[in-house]
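Nothing in this text is a laboratory measurement; each read-out follows from the coordinates by a stated rule. These numbers were taken from a predicted model, which means no experiment stands behind them. Note that we place each Cβ from the backbone using ideal geometry, even for glycine, and neighbour counts take in every protein chain shown.
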Amino acid sequence: MDFLVILSIIIPATVRSATPLIFAALGGNFSERSGVVNIGLEGIMTVGAFSAVFFSYKTGSPWMGMFGAMLFGGLFGLLLAFLSIKFKANQVIVGTAINILAASLTTFLLVEIWGRPGQTNSVSAFPNWGPFTIFTYLAFALVAVSYYVIFKTPFGLRIRAVGEHPKAADTLGVNVYVTRYVCVIISGVLAGLGGASISIGSLNLFKEGMIAGRGFIALAALIFGKWNPIGAAAASLFFGFADALQTVSNNLPIPREFIFAMPYILTMLAVSGFIGKSVGPAASGIPYEKGER
């Protein structure tokens, strides 16, 4: 296959593959910037993907599907926030529990609603606008919005203060708890959109296991991008490129199995710090107790 032809296939495939990662990485960025680690991105993306299909199935409108993904993504974000902030539960364990809950709940609902395991019926999905769906354009727009909010607004300053030194922020009158709740709910909404971008963006149905580790890859993109929306988007494109290579794997002198495993290999390297060391917000993962010194 001609090099230019390969390139014309890989570039759009890279952007499409990166789209759900960008949504989830931006969501993780809001959560972790405020001090709450969101290991549950994978589960929330799963819930978002399922909710998008369910609402589209019931209403015939993919726009309602998008709304459903945002709604239930936000609710699962609220669950994570409630357990992590109110009860100060271990955030990694809570996120892992959400991943398990999402997988088992969607499997159960598949049978209850559609009468069979595995996948749903086809539903109304978003058409392409040019080479991409609305989700891709929205994802890149939200990169700019997220950067502006986090680094150029008073609310963003409060988010960063709460994530770096919550006690000092509290002393200055910032409500640490409310800020963290809002950020984790935003994280859930964005991760839900990431799931919807697969189920009613790339496809028109929900399948068990369709998220396939993208929530963890998005978390790696967030770390690789040094908790910066632009860096996270660039890292998502990097991981998206690794995934897009699968579309031309038959024309490359590399074993197909290695190409299929590449996104996950890069994820492990990014998280381990092998590709580059990243230091997150100082208070990330640490529950805050008002009155602590």
### Message
For a quick size check, give me the Cα extents of the chain along its three principal axes, largest first, whole Å.
### Response
63, 44, 31
### Query
Under a plain spin-label model, where a point goes 7 Å from the Cα along Cα-to-Cβ, how far apart in nm are ILE230 and LEU101?
3.7 nm
### Task
Could you calculate the contour length gain from VAL279 to ILE9, that is, 0.36 nm times the residue separation minus the distance between their Cα atoms, to one decimal place in nm?
93.7 nm
### Query
Using a basic spin-label model with each label point 7 Å from the Cα along Cα→Cβ, how many nm lie between ASP2 and PHE82?
5.9 nm
### Task
Once you've got the Cα coordinates, tell me which of LYS86/LYS167; LYS58/LYS88; LYS167/LYS226; LYS86/LYS207; LYS88/LYS207 are over 26 Å apart.
LYS58/LYS88; LYS86/LYS207; LYS88/LYS207
## Note on the structure
Here the alpha-carbon Rg of region 94-252 over 2.2 N^0.38 Å rounds to 1.23
### Query
How large is ³J(HN,Hα), in whole Hz, for each residue of region 243-255 in order, when computed from phi with the Karplus curve 6.51 cos²θ - 1.76 cosθ + 1.60 and θ = phi - 60°, using x for Gly and Pro?
6, 5, 4, 4, 6, 10, 4, 5, 9, 10, x, 10, x
### Query
What FRET efficiency do you get for MET268 and LEU172 if R0 is 35 Å and r is their Cβ-Cβ distance, rounded to the nearest 0.05?
0.35
### Task
Set the Förster distance to 25 Å, then compute FRET efficiency between SER61 and ALA144 from the Cβ-Cβ distance, nearest 0.05.
0.35
## Note on the structure
Plugging the Cβ-Cβ distance of PHE108 and GLU257 into 1/(1 + (r/R0)^6) at R0 = 30 Å yields, to the nearest 0.05, a FRET efficiency of 0.35
